[in-house]
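K.L.:
A single structure is presented below for examination.
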Amino acid sequence: MMDDELLPLHPVAPDVCVAPQLTPEAMAEAARKGFKSVINNRPDYEEGPEQPTNASIEAAARAAGLEYAFLPVQGGYQSPEEIAAFGKLLQEMPRPILAFCRSGARSSRLFVAATRS
């Protein structure tokens, strides 16, 4: 599998990228590419049992030396509290940061909403 298939990145800032659903195997690749932190915005079992669980991705991320946060949000609506929590993660986690959800759109919306001044 090619790297861009394992880690399909979409930059939203110079030091922040978003991606669609990532696998535990993608965490080592994220670390190799220089990421320091990963934020998972996807609730567990959103698409059923075949979706990798947060616990499996977190374990792989930490094994690869990455900081990790789980901030699950619904696809259609992100609350002001969730947006604020994402903004806090952006401020506190080491960069570069990789955030992911099902398609990348939810993480992109969170980023835009959290960084509006």
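Read-outs throughout are calculated quantities, based only on the coordinates presented, and are distinct from any laboratory measurement. Note that the structure is a prediction, hence the values are computed from the model and not measured. Quick reminder, even Gly has a Cβ in these numbers, built from the backbone with ideal geometry, and neighbours come from all protein chains shown.
K.L.:
Check the range 59-70 and report whether any residue there is free of Cβ contacts under 8 Å to residues at least 60 places away in the same chain, in contact with a strand residue (DSSP E or B) (Cβ under 7 Å, 6 or more places away or on another chain), outside any strand (DSSP E or B) and surrounded by 15 or more Cβ atoms within 10 Å (Cβ to Cβ).
P.N.:
To start, the set of residues in the range 59-70 that are free of Cβ contacts under 8 Å to residues at least 60 places away in the same chain comprises 59-70.
Those left that are additionally in contact with a strand residue (DSSP E or B) (Cβ under 7 Å, 6 or more places away or on another chain): 61-62, 66-70.
If we keep only those that are outside any strand (DSSP E or B) too, we end up with 61-62, 66.
Keeping just the survivors that are surrounded by 15 or more Cβ atoms within 10 Å (Cβ to Cβ) gives 61, 66.
Yes, the range 59-70 contains at least one residue that is free of Cβ contacts under 8 Å to residues at least 60 places away in the same chain, in contact with a strand residue (DSSP E or B) (Cβ under 7 Å, 6 or more places away or on another chain), outside any strand (DSSP E or B) and surrounded by 15 or more Cβ atoms within 10 Å (Cβ to Cβ).
K.L.:
In the range 1-59, how many residues are within 16 Å of Leu110 (Cα to Cα) and basic (Lys, Arg)?
P.N.:
Total satisfying the criteria: 1.
K.L.:
Got at least one residue in the range 81-93 being out of contact with any Asp or Glu (no Cβ under 7 Å at 6 or more places or on another chain), assigned to a loop (DSSP other than H, G, I, E, B), on the phi < 0 side of the Ramachandran plot and surrounded by 13 or more Cβ atoms within 10 Å (Cβ to Cβ)? Write out each step before concluding.
P.N.:
First pass over the range 81-93, keeping only residues out of contact with any Asp or Glu (no Cβ under 7 Å at 6 or more places or on another chain): 81-92.
Then keep just the ones that are assigned to a loop (DSSP other than H, G, I, E, B); that gives none.
No, because not a single residue in the range 81-93 is out of contact with any Asp or Glu (no Cβ under 7 Å at 6 or more places or on another chain), assigned to a loop (DSSP other than H, G, I, E, B), on the phi < 0 side of the Ramachandran plot and surrounded by 13 or more Cβ atoms within 10 Å (Cβ to Cβ).
K.L.:
So in the range 10-46, with the set limited to residues that are assigned to a helix (DSSP H, G or I) and free of Cβ contacts under 8 Å to residues at least 60 places away in the same chain, which one is surrounded by the fewest Cβ atoms within 10 Å (Cβ to Cβ)? Spell out the reasoning first.
P.N.:
Just the residues of the range 10-46 that are assigned to a helix (DSSP H, G or I), to begin with: 24-32.
So of that shortlist, the ones also free of Cβ contacts under 8 Å to residues at least 60 places away in the same chain come out as 24-29, 31-32.
Values: Pro24: 17, Glu25: 13, Ala26: 26, Met27: 27, Ala28: 17, Glu29: 17, Ala31: 18, Arg32: 11.
Here the residue is Arg32.
K.L.:
Related question: With the requirement that a residue be polar (S, T, N, Q) and in contact (Cβ under 8 Å) with a residue 12 or more places away in the chain, what does the range 90-113 give you?
P.N.:
Passing the criteria: Ser103, Ser107, Ser108.
K.L.:
Additional query: Restricting to the range 58-117, and then to whatever is among the acidic types (Asp, Glu) and more than 17 Å from Val18 (Cβ to Cβ), can you tell me which residue is nearest to the chain's Cα centre (by Cα)?
P.N.:
Start the filter on the range 58-117 by keeping residues that are among the acidic types (Asp, Glu), which leaves 58, 67, 81-82, 92.
Okay, now just the ones that are also more than 17 Å from Val18 (Cβ to Cβ), so 58, 81, 92.
On the way: Glu58: 11, Glu81: 18, Glu92: 15 Å.
Out of the qualifying residues, it is Glu58.
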